[in-house]
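Everything below concerns the one structure shown next.
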Amino acid sequence: QVQLVESGGGLVQAGGSLRLSCVASGSTFIFRLNSMAWYRQAPGKQRELVAVISSSFSTSYADSVKGRFTISRDNAKNTVTLQMNSLKPEDTAVYYCNANRPRIGRDYWGQGTQVTVTS
């Protein structure tokens, strides 16, 4: 019913930048009512929340990415983005797009996109 498709991952040197995008679709999915988030998971580690943007456009970030990453959304395009600057090798992970509908509590996930930061 709901599809989340990520793009923008790749290989970058430390200090570089990448911009991830996630496009949502679905006939019964009301994008603007969902909180959107980016998670990441490195090999052997737990999946962690990186950034979230609510339906009212408020944002929150993991301490490890504050000041370096920016999450934004465009409701007209059903798109959420993650601008990643000053990348570090520790940022290497598979990044996943997530949608959550408050109260209803539904969660949807994208397939993930690989981000690799070399030193």
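Identify all residues within the range 82-91 that are in a loop (DSSP other than H, G, I, E, B) and open to solvent by 40 Å² or more (accessible area, probe 1.4 Å); write none if there are none.
Asn85, Ser86, Lys88
Per-residue answers, yes or no, for (1) surrounded by fewer than 18 Cβ atoms within 10 Å (Cβ to Cβ); (2) on the phi < 0 side of the Ramachandran plot:
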{"residue": "Leu4", "(1), (2)": "no, yes"}
{"residue": "Ser7", "(1), (2)": "yes, yes"}
{"residue": "Phe29", "(1), (2)": "no, yes"}
{"residue": "Ala37", "(1), (2)": "no, yes"}
{"residue": "Pro43", "(1), (2)": "yes, yes"}
{"residue": "Phe57", "(1), (2)": "yes, no"}
{"residue": "Asp74", "(1), (2)": "yes, yes"}
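Got a sec? Which of Tyr96, Tyr108 is at pLDDT 95 or above and open to solvent by less than 50 Å² (accessible area, probe 1.4 Å)? Spell out how you get there, then give the answer.
Working: Tyr108 fails: open to solvent by less than 50 Å² (accessible area, probe 1.4 Å).
Matching residue, one of Tyr96, Tyr108: Tyr96.
Of (1) modelled with pLDDT under 95; (2) farther than 20 Å from Leu11 by Cβ; (3) open to solvent by 50 Å² or more (accessible area, probe 1.4 Å), Leu49 satisfies all except one. Which?
(1)
Please count how many residues of the range 31-81 are touching a residue at least 40 places away in the same chain (Cβ under 8 Å), aliphatic (A, V, I, L, M) and part of a loop (DSSP other than H, G, I, E, B).
Qualifying residue count for the region: 1.
The values are calculated or read from the model by the stated rules, or taken from the named source; none is laboratory data. Quick caveat, the model's predicted, so the values are computed rather than measured. Counting neighbours? That spans all protein chains shown, and the Cβs are built from the backbone with ideal geometry, glycine included. Areas reflect the complete protein model, heavy atoms only, side chains present, ligands, DNA and RNA absent. Shrake-Rupley method; radii C 1.70, N 1.55, O 1.52, S 1.80 Å.
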